[in-house]
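As structure tokens, the structure follows; a few thoughts come after it.
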Amino acid sequence: MKRLYRSRSQKMIAGVCGGIAEYFDADPTVIRVVYVIGSVLSVAFPGIIIYLILAFIIPSEY
């Protein structure tokens with residue numbers, strides 16, 4: 001069973017995008033670019049809040 005974790009190997013800030021990329025077997029760079037574009041288009045502030053919430057909610061990889 002797959003579980004969503006924050007990545008230790010593919011992390012830039014907290015590993016949220018890297019963990020999402022590992023979960024979906026995608027390239028972490030693509031996930032990061034999509035996230036940044038989505039954040040900028042939503043005036044950036046909600047994207048930063050969502051990232052911080054996910055960093056606290058998603059457990060770290062062992």
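Every number in this text was worked out from the coordinates using simple rules, so none of it is lab data. Because the structure is a prediction, the values reported are computed rather than measured. Because the Cβ atoms are built from the backbone with ideal geometry, glycine has one as well, and the counts that use them run over all protein chains shown.
Per-residue ellipticity at 222 nm computed for the chain from its helices equals -17500 deg cm²/dmol, with DSSP H segments shorter than 4 residues left out and the rest contributing -39,500 (n - 2.57).
Computed over the chain, relative contact order equals 36 percent, with contacts defined as Cα pairs under 8 Å that lie 6+ residues apart.
When you count the other C-beta atoms within 10 angstrom of each residue and take the mean per peptide, 34-43, 3-12 line up highest first as 3-12, 34-43.
Between the amide H of Arg6 and those of Ser60, Glu61, distances stay under 5 Å, these residues lying 5 or more places away or on another chain, with hydrogens modeled in the peptide plane.
For the chain, a crude dipole built from +1 on the beta carbon of Lys and Arg and -1 on the beta carbon of Asp and Glu, taken about the Cα centre, is about 140 debye to the nearest 20.
With the cut-off at under 17 Å, measuring from each backbone N in the range 28-62 to a point 7 Å along the Cα-to-Cβ line of Arg3 picks out 55-62.
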